[in-house]
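Worksheet: one structure, shown below.
Any read-out appearing in this document is the output of simple, stated calculations on the displayed coordinates, not a laboratory observation. This is a predicted model, so every value here is computed, not measured. Here Cβ is always computed from backbone atoms with ideal geometry, including for glycine, and neighbour counts include all displayed protein chains.
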Amino acid sequence: MDKSDFVNIDSMSLQEIGEEAELIPLMTPEDEEEINNEALPDTLPILPLRNTVLFPGVVIPITAGRDRSIQLIKDANNGSKVVGVVSQKDESTETPSVNDINTLGTVARILRVLQMPDGNTTVIIQGKKRFEIAEMLTEKPYMTATIREAKEVRPKMDSKEFLAIIDSIQELALKIIRDNPNIPSEASFAIKNIQSNSFLINFVASNLNLDVKEKQELLEIPNLQNRALATLKYMNVELQKLELRNDIQSKVRSDLDQQQREYFLHQQMKTIQEELGGMSYEEEVDDMAVKAKKKKWGKKVGDHFEKELAKLQRMNPQVAEYSIQRNYLDLFLDLPWNEFSKDKFDLKRAERILNRDHYGLEDVKRRIIEYLAVLKLRNDMKSPILCLYGPPGVGKTSLGKSVAEALGREYVRMSLGGMRDEAEIRGHRKTYIGAMPGRIIQSIKKAGTSNPVFILDEIDKLASSHQGDPSSAMLEVLDPEQNSDFHDNFLEMGFDLSKVMFIATANNLGSIQPALRDRMEIINVTGYTIEEKVEIAKRHLLPKQLKEHGLSSKDLKIGKPQMEKIVEGYTRESGVRGLEKQIAKMVRYAAKSIAIEEEYSVKISNQDVEKVLGPARLERDKYENNQVAGVVTGLAWTSVGGDILFIESILSKGKGNLTITGNLGKVMKESATIAMEYIKSNADYFGLDSEVFGNYNVHIHVPEGATPKDGPSAGITMLTSLVSLFTQKRVKKSLAMTGEITLRGKVLPVGGIKEKILAAKRARIKELILCEENRRDVMEIKEEYLKGLTFHYVTDMSEVIDIAITDQKVKNAKTL
């Protein structure tokens with residue numbers, strides 16, 4: 001067979017193609033009888049079809065794309081023109097084998113082969129009889145097999161039940177053709193003119209909207225009446241789907257008519273509004289265009305706004321997207337594009353404001369003044385990203401207001417505590433219902449300038465969830481190299497945040513991810529001394545509480561000794577928030593006495609303090625005693641400032657076991673183990689008999705067991721406690737220490753020195769033992785904080801023991 005054996009569709013007119021189709025008449029009973037009597041060949045070439053099933057008597061076109069199929073059609077068209085057609089089990093299989101095809105198919109005759117313009121070969125085939133593959137003979141160049149006829153069980157022609165099924169099929173087919181707009185009405189003519197009952201069943205089954213598997217199941221039903229019933233079942237389902245779809249479309253058309261009606265009503269309302277003097281949609285658009293001309297945005301932003309405004313003009317005001325687009329344009333107009341407040345460069349005034357509002361905090365004040373000085377000289381410096389890090393209540397957040405006043409800028413505060421949704425930072429895409437910009441852009445809009453002082457409160461308490469990681473979204477906001485083009489999902493444009501002065505606050509740097517911490521300049525805001533707390537209370541807290549309770553300075557006076565008593569006996573924090581609460585109680589006491597006209601002391605005494613606040617509750621912070629061997633005072637850092645802790649150790653008869661209690665972490669337990677092993681290895685130096693370690697159990701305990709404790713800074717304290725225990729010698733009075741130890745007895749530096757020193761002063765400690773490398777930390781602390789303290793700097797544990805352990809034995813010392 002050469003190329004001339006194909007009919008080239010390019011050379012045929014549409015009329016000729018139609019005539020070709022007329023050469024394939026609908027099957028008559030005589031044709032059916034002739035096919036039934038026709039004998040099948042013993043072997044046939046097998047043509048697998050991907051996505052259809054051929055039924056007996058039905059004519060279908062197929063497109064051959066696989067090389068094997070084209071070769072098969074070419075050879076069959078040159079010979080008997082008869083092939084065996086079967087469907088594939090999986091249409092995605094490119095080269096099907098015997099296991100990939102169904103074994104029952106239909107013998108087909110090739111009626112016409114057409115060469116299409118796109119190069120594919122289209123074959124028109126007609127099904128004849130069902131067959132089964134008996135044995136596969138070859139698979140190359142295409143599949144051939146021995147076959148046997150699959151007999152059909154045909155009902156009697158006068159069977160009333162069968163004829164009723166045929167009538168139902170014909171009736172339902174006509175209904176489906178009528179209700180489905182995708183089926184041409186001429187198809188009903190073909191259905192009415194089908195004379196063969198079996199052909200009608202196969203013709204309808206072939207054209208049902210079923211998948212290959214369901215059609216194959218129909219083909220495999222041997223009983224023609226059962227096949228007819230199954231076909232009728234599928235037809236009923238398809239008709240129900242059509243009716244449901246038509247009902248839905250009818251309702252949609254009704255809704256559309258209602259929408260058109262509402263549109264005309266709104267047009268009338270618009271006319272009435274114009275008559276009453278209200279603003280119409282066109283006037284709103286014109287008003288936006290006028291406002292846009294006054295904005296200071298760049299050409300890129302201006303072009304984008306005009307494009308979005310034109311989109312609003314084309315929208316129907318009644319659709320839901322209109323309000324979203326209008327809100328979007330309103331945001332553009334409300335944002336302060338390139339609008340900046342003028343900075344005040346009076347450095348002495350700024351210093352006065354900072355000193356007026358905050359006592360202490362010298363490092364922070366110095367950094368703000370430095371920033372102002374550089375800004376005054378350059379006038380175009382990118383704003384720094386400061387992070388005030390310290391315990392609660394030391395004035396980190398309130399400092400932002402003073403900075404804003406000192407700079408003459410607007411003040412904005414955003415609380416980040418517990419924020420879990422990334423969209424809170426970057427906003428929602430405006431395709432969503434209820435979309436809005438992120439809180440960064442909203443705050444800038446509220447500030448009205450592009451260079452406010454922006455407080456990011458509690459940045460260490462950002463949380464992540466399935467809605468994203470807000471701390472990662474903050475990376476762009478707080479990067480001076482990137483935030484000049486901050487992208488908000490709702491705004492869809494970059495906004496310049498480089499002139500914003502961001503001040504973040506945090507209690508714990510450990511919970512801030514490293515990449516975010518790297519973008520900020522960390523300024524440590526430490527706790528206050530007792531003297532500082534008294535000054536803050538006198539200058540700020542007491543006047544504030546008197547004003548809030550409607551009193552004046554004449555109604556209540558708290559002297560310095562009484563204020564010190566409140567600070568030392570009723571507050572244990574590094575900040576002043578708890579102190580303010582205690583002062584508020586004293587003020588309420590005076591307010592109640594005035595309200596009920598009861599006599600009270602305007603000048604508060606120590607007895608009045610205890611009467612109002614109750615007995616002092618925090619005496620456990622005080623240094624206890626040194627009358628017991630094995631008790632040493634250590635210094636600890638907590639998230640709310642410094643604290644003292646007591647390391648206790650005791651001996652009992654046993655086998656040398658070491659027990660550690662007090663809710664200690666892994667690192668602290670390791671410090672105790674290191675200390676114990678160091679003493680064992682240096683028993684001769686300490687004058688101890690090595691047999692002691694095998695005859696006594698050692699128990700180390702840190703009181704306040706409900707409070708978790710961890711860290712390496714208790715290492716030298718534990719070792720001193722154990723040496724005191726084994727030697728039964730006292731630890732020096734009014735002494736505390738902090739430092740990490742190694743197995744070689746070296747003392748390593750630790751952090752939180754200022755907080756620990758403040759805790760020591762609160763506890764009336766007189767002497768401190770620190771690592772030599774911590775000397776530089778002490779040098780950074782104000783001289784007044786160190787008043788009354790003696791520091792011992794050490795590098796080796798032997799130095800610690802020499803300083804801490806006295807030669808005096810404790811009373812009733814054990815003989816080891």
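A few comments on the model shown:
- Dividing the Cα radius of gyration of the stretch 530-619 by its Kirkwood radius returns 0.94 for Rg/Rh.
- Theoretical FRET efficiency, 1/(1+(r/R0)^6), r = Cβ-Cβ of residue 531 and residue 553, R0 22 Å, to 0.05: 0.50
- About the Cα centre, charge dipole magnitude for the stretch 281-334 (Lys/Arg +1, Asp/Glu -1 at Cβ), debye: 400 debye
- Normalised by the number of residues in the chain, the mean separation of alpha-carbon contacts (under 8 Å, six or more apart) gives a relative contact order of 7 percent.
- Taking the stretch 281-334 and dividing mean pair separation by its residue count, relative contact order in percent (alpha carbons under 8 Å, at least six apart): 44 percent
- Full extension of the chain between residue 310 and residue 189 yields a length gain of 38.3 nm, computed as 0.36 nm times the residue separation minus the alpha carbon distance.
- Full extension of the segment from residue 670 to residue 286, taken as 0.36 nm per residue of separation minus the current Cα-Cα distance, would add 130.8 nm.
- C-alpha long axis of helix 67-78 to longest principal axis of the chain, angle in °: 0 degrees
- Fully extending the segment from residue 42 to residue 415 would add 125.7 nm, taking 0.36 nm per residue of separation and subtracting the current Cα-Cα distance.
- Cβ crowding within 10 Å averaged over residues, with 540-549, 336-345 ranked highest first: 540-549, 336-345
- Lysines whose Cα lies under 27 Å from that of residue 192, excluding same-chain neighbours fewer than 8 positions away: 128, 129, 156, 160, 175, 215, 233, 241
- Global geometry of the chain, whether rounded, prolate or oblate, following the gyration tensor of its Cα atoms and the 1.5 cut on a/c: prolate
- On Cα atoms only, tilt of 160-179 relative to the major axis of the chain in degrees: 60 degrees
- Taking the Cα centre of the stretch 738-779 as reference, the dipole from Cβ charges on Lys and Arg (+1) and Asp and Glu (-1) amounts to some 200 debye.
- When only Cα pairs below 8 angstrom with a gap of at least 6 residues are kept, the stretch 347-523 shows a relative contact order of 29 percent.
- Annotation: the residues 375, 735, sorted from fewest to most other C-beta atoms within 10 Å of their own C-beta, follow the order 375, 735.
- Estimated FRET transfer efficiency (residue 182, residue 97; beta-carbon r; R0 25 Å; 0.05): 0.10
- Counting charges near residue 476 (Lys, Arg +1; Asp, Glu -1) among other residues having Cβ under 12 Å from its Cβ returns a value of -3.
- With neighbours defined as other Cβ atoms within 10 Å of a residue's Cβ, the residues 638, 727, 106 order from fewest to most as 638, 727, 106.
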